[in-house]
1. Please identify the GluC sites (Glu not before Pro) of the stretch 559-641 that satisfy two criteria: DSSP loop assignment and at most 16 other Cβ atoms within 10 Å. Which are they?
2. Figure the gain on full extension for HIS194 and SER234 (residue separation times 0.36 nm, minus the Cα-Cα span) and round it to one decimal in nm.
3. Among TRP516, VAL278, VAL593, which residue has its Cα furthest toward the positive end of the charge dipole of the chain, with +1 on Lys/Arg Cβ and -1 on Asp/Glu Cβ?
4. Could you rank the peptides 157-168, 412-423, 471-482 by their average count of other C-beta atoms within 10 Å per residue, with the highest value first?
5. Taking all protein chains in place and a 1.4 Å probe, what share, in percent, of the accessible surface of the chain do carbon and sulfur account for?
6. Determine Rg/Rh for the chain; Rg is computed over alpha-carbon atoms and Rh is the Kirkwood hydrodynamic estimate from the same atoms.
7. If the cut-off is a Cα-Cα distance under 22 Å, which lysines reach LYS418, setting aside same-chain residues fewer than 8 apart in sequence?
8. Taking only protein heavy atoms into account and a 1.4 Å probe, give the accessible area per residue of the chain in Å².
Amino acid sequence: MSWRYSKDKLVPLADVVPAFLTFEPKADESLVGFIDRTFARTVFANPIAALAQAGIATNRPDFLASLDLNEGQIDALARRLGVSAALIRDRLHPDSRMLGSGVRGVDFHGQFLRLTFLERERRRVSPRALEISPYHRAIWDVRPIAFDPDTMELLLSDCPVCAKPLGRRRLCGPEKCDKCIDDRGLPSTDLRDHLQPMVPEEEWELLRNIAGLVDTDPKTRERSCLRFPEPWRSLGPGEIFHILVEMSVANEAAIGQLGPSSPSLPLKPTSLHSVGQVLAGGLDTFFDWAGTTLTRKDLPHWTVDRPVATTGFERLVKCPHISPAAKSLLSEMRSGSRVATRLRRTGAFAWLNAKNLAEEFDLDLTRAQMIVTRLKSVLKQVPDPAAAGVPTSKEAFAALLPRAVGTVSLNNAAFVLKAGVEVVTGLEEIGVLNAVPEPVSLLIEASKSFYEADVRERLASFLSAVTHERGASLFPTMEAVLKNSGLRPLPFAAAWHLAMSGDVRLLREDDEVNDWLRDVYVADEAPFVELLRAHPLTRSLRDLPPEVTTQVAAQMIDSDIVVVGQLVRNKILVPTSGARPLLFPREQIERFVAAYVSTPELKRALGISSAGRFDRQYRDLPESAFEFPNQRSRFYRRKDCAFILAAAAARAA
């Protein structure tokens, strides 16, 4: 495809007409991504030709958001896309200069962003986010961020099939590779089929706040600022973000991860998380970082645009990319840093030195830094730390440390139990499983953890209550019983606790239970359901909040989250907003359940347990309520299936 445009095909601005097929842009959708999504299913494969129909002549359509478009061009583009000019104007990134320094950048949704931080040529996507809703998020174009803040999946920048960088030179849709095409010239690689690794769960909260500093929503930026204590809150979200990026680059340079020929962006999420902890930990943590983080002076890469500095503090003060307001704040902090350092070394926190604790107690340095940060925070807040059991000396710390051995995080506890996280939290709620209490929990990396021995003891109780018996598979599985119980949301925690208690007769066919929902069989279904209804962990729909998550909505409609995503994309279900995670009005889901019946519910009513196409297993099916491409599961109008459901109810009675 040529990057040149033909001037004789350029439509005059006054003659621009709306496209045949138009959409409303998502709240956080980028301009180039919106154009790609609008024209991906039209005759236009060349973005230059598509923009020429909007009266815009450019050889670089991927740079469209940062071009100097006049009001006439903006109005013509809005008319072509079938939206208001304000929606186009909000997605432009006009040139901007940092006040007081003249550093070149762009106005990224109302705040300054360095030009090198804006990704314009290469496309980066999150397959999981595209599976939820196929549009290009603007935050994916911020180069230092290498993950999607909603799904916490690492961004994909190279096609897994052709190994070429994802670009914007073909209008193929945000979920397709623009390089892979089939014999008909159509895109052939769906990026949603190639899931990427996830960011470690313990880093999610802080990294979401860091990404929120450059979010398209001003309210999100304000909330993210509050995650960082004074004096950082006096700066703007963009200024805090630029400081974090520079600190992260300094960290990676100090440990030799960057060199003259290696790019500094995007940043590793772990590196960004570590400097986020430094800023969120207060001035003491920042002073520790500022005085000990050394930059590598022997690399020319760091002397081109950053003056030589020996410490992290000097690097920030001398960096030309930090705003004058931030530099002024740093200079004020540096003037009092020596006094603060002397007070810290001679005060009550003198023993809280991460490096010394790591060496003396054979701890990982990262864990030692986390422990020091938490203990300092608690010691400042608790009036009587000794009475609360918080260690105030190295000796007390040494006595407490052995109690932090043999613990597992919330997710690992669920893995040990071979159950979901909701089971673990449910057992904790009724006191069957207790989380590690403070102050021991202060010494553990996970925000919530359990002693592994206690978790395995509960697993042993569960397995001992399930009898190994030949012919157990003749009875319904635990999964089938829960779905047939009519209880929504499904009471997983209550069922697991009932099984562990031994109050019901449960069977297993195999020697091991790998999946408690499918490998465990319920011998007496009716008494088991009655006990479930009376269990304190069983929630009713009345107990649910007015808005429910995607997972709960999937349980209510008797399906899965992928089907919910398809219903959202086809505007059958409408979330309360486009923000992630998606939330749905509970009343909307209840109306859907009252009007439609799912395929799994019909198969259970008919007693069909085998896999296969439902329309071949049962010939008298009514017409499907919805028809759309790649439909994963079908729904039928409940009134059309009344005879099936009534017959099933009569058999059950």
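1. GLU623, GLU627
2. Between HIS194 and SER234, full extension yields an extra 10.2 nm.
3. It is VAL278.
4. 412-423, 471-482, 157-168
5. Taking all protein chains in place, the chain shows 52 percent carbon and sulfur surface.
6. Taking Rg over the Kirkwood Rh, I get 1.01.
7. LYS448, LYS483
8. Accessible area per residue: 48 Å².
The values are calculated or read from the model by the stated rules, or taken from the named source; none is laboratory data. Please read these numbers as outputs of a predicted model, since none were measured by experiment. Positions of Cβ are generated from backbone atoms using ideal geometry, with glycine treated the same way; all protein chains shown enter the neighbour counts. Accessible surface areas use protein heavy atoms only, side chains included; no ligands, DNA or RNA. Shrake-Rupley method; radii C 1.70, N 1.55, O 1.52, S 1.80 Å.
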